[in-house]
Amino acid sequence: MAEGTVLNLGIDLGTSRSVIACDNGVRTFVSSYVGYPKDAISRKLMGKDVVFGEEAIKNRLALNMRRPFEKGMLKYSNLTNDKPEEFARYKATARDLLQHLVSLAKKEEPEDAIVRAVIGAPALASTQNKKTLIEITQGIIDDVMITSEPFAVAYGLGILSHALIIDIGAGTVDLCRMHGTIPTDDDQITLTKAGDYIDEVLLNLIKMRHKGVDLSVNMVKRMKEENSTISDKGENVVVHFPFAGKPTPIDVTEELRASCRSIVPEIVEAIRMLVASFDPEFQDILKQNVILAGGGSQIGGLAREIEHYMGENLGSGKVTKVEEPLYAGANGGLLLCKDMPDEYWDELKSGKK
Amino acid sequence: MTGCKDAFSDIGKYSQATVVYSGLKAGSLVLRTGEAIKDGAVHSANALVEAGEYSLATVQYAGLVSYSILKRSSQFTGACAKKAVEPVAKAVSPVAKAMAKPFALLADKTGKLFAREGKCEESVKSLEDRVLKLEERLSTLEKFGLRPKVAIAQQEKKLVSDDRRAFLRAVVEENKLLRAS
């Protein structure tokens, strides 16, 4: 039984953004970038040894930048034997990022507060990947549990039956079928064409149409996050990109639509697989209760586009976007953490039933 | 006959001339009479205005004089009365003060009470506003499953429903397996 102050956390360590929700009211996110000063001069300039999030992106020329997560998991966690040094480096980076996130939540808490967390992992993350996540938390979080990210979303929303959760992140799109029990591997699908894939497609399309434009993935990503839409209605998106050093306005409306649409067919195919393998009596209910979450679900008109595709391929479908897509996973993790009885935490620590 | 005709003609001319002359004379008389009446009326009106002004001035003057007389009389009377009343007032005032003291105190307290009531209302209103803001903030936090720190000590984990508890049990088992593998 825990004595003293207990701090409950819900954490979503994402490829693009890491989100934390805490029961003391702290709810925030950090871009999943960690920067280490390149030399003594840049260290002096930064005034610290590690820089996180937007600050790191802003000063990236003076930093060795690392993005510790890829496709929802720690980089090189599947190549621990082939590239042990790289794996160790990225593990340390992930630890730095987690430490930073927890410090944001713990700012006003007593030093001896017990920190408990539920961390979301991609739906079909391997056992090795999940164990790596637990290792990262050692010394930062006292008690930790790992759970499937879409399940955390479902738990947070209180939709535990007859629903299909789609969590669209930067690295993965996780689909999870909820039917009143804890979802198994058969109930979940992880796709790797997600937000980062859209960025790549968008970059290529713009470069193809506007020869000579100087672009980086970061520029395209920022532009996408500000303007992303699938809808045919609405204003044209005109942005200034440099051509031989001169900022030139270019219309990227079509490229944006095409790139955002590029992930839809695979998502609908995954929905079809999960629906088709479900009890036929409940297939229709499942199709009518598709929930979109995650940062990627903020693309304008995405829900309608998936509905349209479902209509064409599955006969019908109803897609709803959650109220706070970015925080849905972390909120669910927090609720799991808070609801978890003390004895369960103790059990986990002792390893007994 | 011709002589007669001439005589009649002359008479006619004279008569005609007389009539014209009489007409002219009468017209002239009427005109002059009208002008005389008009002049008279103007003079009369002027005279009336002047008379009115004089009357007004007279009344004003009379008023001023009366006011002056009254003022001086009252000053004189006041001085006399003061001289007459002052010793009496001096003698009565301690008694009156003693009699009025409880009422004055009562009035003072009541006044303060009412004044404080106004301040109290302000304080209560500001407190109500703050409570309202806190409630709004709390409802926002609760919406996302967050609770204030105070509430952490009194965990409502025990209130978790059986089906949710089953889910939590499954999560724990999954994590135990993960650690054991």
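Computed from the coordinates by the stated procedures, all read-outs in this text should not be read as laboratory data. Since this is a predicted model, take the numbers as computed values, not measurements. Heads up, the Cβs are rebuilt from the backbone with ideal geometry, glycines too, and the neighbour counts pull from every protein chain shown.
Using the empirical formula 2.2 N^0.38 Å as the baseline, the Cα radius of gyration of segment A:197-261 reaches a ratio of 1.01.
Annotation: extensible slack from A:Thr5 through A:Asn236 equals 77.9 nm (criterion: 0.36 nm per residue apart, minus Cα-Cα distance). Here the Karplus relation 6.51 cos²θ - 1.76 cosθ + 1.60, evaluated at θ = phi - 60°, turns the backbone of segment B:56-67 into coupling constants of 4, 4, 4, 4, 4, 4, 4, x, 4, 4, 4, 4 Hz, with x for every Gly and Pro. Placing dummy labels 7 Å off each Cα toward the beta-carbon, the span from B:Ser126 to A:Leu45 is 4.9 nm.
What value, in deg cm²/dmol to 500, does the helix sum -39500 (n - 2.57) over DSSP H runs of n ≥ 4 give at 222 nm once divided by the residues of the protein assembly as shown? Walk me through the intermediate numbers first.
Working: 16 runs with 309 residues, N = 534.
Taking each H run of at least 4 residues, the total per residue is -20000 deg cm²/dmol.
Using alpha carbons only, the radius of gyration of the protein assembly as shown set against its Kirkwood radius gives Rg/Rh = 1.57. The ranking of B:His43, A:His162 from fewest to most other beta carbons within 10 Å of each one's beta carbon is B:His43, A:His162.
Taking a 24 Å limit on the Cα-Cα distance, which of the listed pairs A:Lys71/A:Lys130; A:Lys58/A:Lys221; A:Lys71/A:Lys224 fall beyond it?
Details: A:Lys71/A:Lys130 13 Å; A:Lys58/A:Lys221 14 Å; A:Lys71/A:Lys224 19 Å.
Check vs 24 Å cut-off fails for no pair.
FRET efficiency for the A:Leu314 to B:Ala166 pair, using the beta carbon distance and R₀ = 30 Å, is estimated at 0.45. Under a GNM of chain A (C-alpha, springs under 10 Å), which listed residue has the highest mean-square fluctuation: A:Val19, A:Val237, A:Val268? Between A:Val19, A:Val237, A:Val268, it is A:Val237 that shows the largest mean-square fluctuation. Where the centre of each part is set by its Cα atoms, how far does segment A:1-53 sit from segment A:175-252, in angstrom? Computed from Cα coordinates, the inter-centre distance equals 25 Å. For the residue pair A:Val217 and A:Ile250, what label-to-label distance in nm results when each label sits 7 Å from Cα along the Cα-to-beta-carbon direction? Taking the simple label geometry, A:Val217 and A:Ile250 are separated by 1.9 nm.
Can you list the residues of segment A:1-38 with backbone N under 19 Å from a point 7 Å past the Cα of A:Thr192, pointing along Cα to Cβ? Counting backbone N atoms under 19 Å from the label point, the list is A:14-17. Given R₀ = 45 Å, FRET efficiency for A:Ser277-A:Asn59 by Cβ-Cβ distance, to 0.05? The pair A:Ser277/A:Asn59 has a calculated efficiency of 0.40.
Counting other Cβ atoms within 10 Å as a rough exposure proxy, the listed residues A:Val102, B:Val65 run B:Val65, A:Val102 from fewest neighbours to most. Site pair A:Asp112 and B:Val20 shows an inter-label distance of 14.4 nm when each label is modelled 7 Å from Cα along Cα→Cβ.
How big is the antiparallel share of DSSP beta bridges in chain A, given as a percent to the nearest 5? Each step should come with its number before you reach the end.
Values: 36 of 57 bridges.
The antiparallel proportion sits near 65 percent.
For segment A:38-168, the calculated P(r), taken from all Cα-Cα distances in 5 Å bins from zero up to the bin holding the longest distance, is 2, 9, 16, 17, 18, 17, 12, 6, 2, 1, 0, 0 percent. Here B:Lys38 is the anchor, and no aspartates and glutamates lie within straight C-alpha reach of less than 12 Å, apart from those fewer than 8 places off in the same chain. Take the Cβ atoms of A:His162 and A:Lys131, set R0 to 22 Å, and the FRET efficiency comes out at 0.10.
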